[in-house]
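Everything below concerns the one structure shown next.
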Amino acid sequence: MPYKKGQKWVAQVRLNGKRKERIFLSKKEAIAWESQARQRPEQIWQEKTDTASLYDWAKAYLNHVEATFAHVTYDEKRSAFKRFFREVDPKLAVNELTSADIQAYITKQKMARSGYAANKDRKNLLAAWEWGMEYMSPKLPGPNPCQVKKMPEIRHPRYVPPEEDFWKAYNVADGQDRVILLAFLHLAARRGEIFRLTWDDIDFNADQVRLWTRKREGGHFEYDWLPMTKMLKTALLWWQENRPVKDVPHVFLCLEKKNFCQESYSKPFKHRQHFIGHLCKRAGVKPFGFHSIRHLTASTLYKLGYTVADIQAVLRHQSATTTAKYIKSLGLEGARSALEALSQQKGRVLIFKPREVSEGENPSEKEKAVLGAVNS
C-alpha cells in the first residue's frame, strides 16, 4: 500500500526481497501504479528508469541557489557538494544513493572536521534532496536518503569582542573605515547589508537607515528601516561631505589604488576580507570579524537590559525564537523571570559612546570635529 510523505504519496512494489518506489501527488495515482506493477512485475523491474546522476542533481540545485540566494549561501552549498563528491561518485544514479552512504559520509566528516561541520553538510544535502523531490524532472525518489541522525557536536559560545577592543580598533582606523565600523555597530548589520547601502537608503530627515537583506525564506530581497543614532548620523553626514568619489550611489567604496585594487576602485565592496584583521593587529587586540560586531551589539543591548523583543527588532529576526537562540549562543541567556522584569520600552534610540582618544594620539582635524560632535 502507498504511504504518505509530506503532501505526496509513495507507491511501492517488492520483488525477490527488493523494493521499487515511485512518488505521486495523489493516493489514487500511487494505488494505480502499484496495481499495474503487480500485474507485470518483471517488466516494471527490468525497465530502465529515466533518472539523473548525483552530478545532475547537484548542478540543478546549485543553479537554483545561485539565482535565488545570497552569494555566501551559494558558496557554502557548493563547498558541501565538493566535499561530498570526494567520497561519493558523482556519476552514481540518484536512485542508487542510500541512507547508509550519507551516514558514512557525515560520520567521516565528523571525525575529520567536527560534529557541527558534519551536521552543516547534512543540512545542505537534505535541503538539496528535498528541492529535487519537488522541482527536478524526473523528480528525485523518496524517502529522502539524507534524513539520517545528526552527529553529536560541541557548541562553543560565539566570540564576542570586548567593547574596549572594538573601540581600540575604531581609534586606529580613519576616514571611511571609522564610519564603516560605526555603521556595523549601530545597525547590527550583516556584511552584505552594509556594503549594499546606497545614499537613497539613508533618510537624514527621518533619522532612518534602510537595510536590504536576502537572508529570508525564498531568497527575496527585503528591507527594514532602523533608527539612525545621532553619532552615526554625524559620521555619515561627514562622510557624505568628504568622500572623494561623489558620482556613485553606494555609501562605501573601494578607494585604494594599489595594483590589485585598481579594477575595483570606486566600486562597492564585496568581501573586504582582511580589513578588520589588520586593524586588530595595529590595535593589539584579538582579531574579530564583521559578524562579531553584530554579536557585540546584541551582547551590549542584552547587558543594558533590553528585552528579547527589543533585540529582535534591531537584529531583524523574523522570529523571537531565533533571537533567543542567538542570545543563548553568545553565552548570555539569563532566567526568564529576569528577562520579563526588564524594561518593555520600544523604539528607543540606542546610544553607543566611543572611548576617549588615548594620550599620544593625534587625530586629524576632521576626526576631531566628528569626535567633538559625538562627545558633545
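What the pair-distance distribution of the stretch 54-135 shows, using all Cα-Cα distances binned every 10 Å from zero, is 17, 55, 26, 1 percent.
Per the Debye formula on identical point scatterers at the alpha carbon atoms of the stretch 219-310, with no solvent, log10 I(q)/I(0) at q = 0.15, 0.20, 0.23 Å⁻¹ is -0.94, -1.36, -1.34.
Here each label is just a point 7 Å from Cα along the line to Cβ, and for TYR3 and SER329 those points are 3.4 nm apart. The value obtained for the stretch 281-320, namely the Cα convex hull volume divided by the number of residues, is 77 Å³ per residue. Rounded, prolate or oblate, given the Cα gyration tensor of the stretch 144-193, with a/c below 1.5 counting as rounded? Prolate shape, in that a/c is at least 1.5 and a/b is the bigger ratio.
Using the average count of surrounding beta-carbon atoms within 10 Å as a protection proxy, the listed peptides 55-68, 317-330 rank, highest first, as 55-68, 317-330. Determine the shape class of the stretch 101-243: with a ≥ b ≥ c the square roots of the Cα gyration tensor eigenvalues, call it rounded for a/c under 1.5, and otherwise prolate if a/b is greater than b/c, oblate otherwise. It is oblate, given that a/c is not under 1.5 and a/b is not larger than b/c.
None of the figures in this text is laboratory data; all of them are computed from the coordinates on show. Small disclaimer: the values here were computed from a predicted structure and weren't measured. Neighbour counts are summed over all protein chains in view; Cβ atoms, including those assigned to glycine, are modelled from backbone coordinates with ideal geometry.
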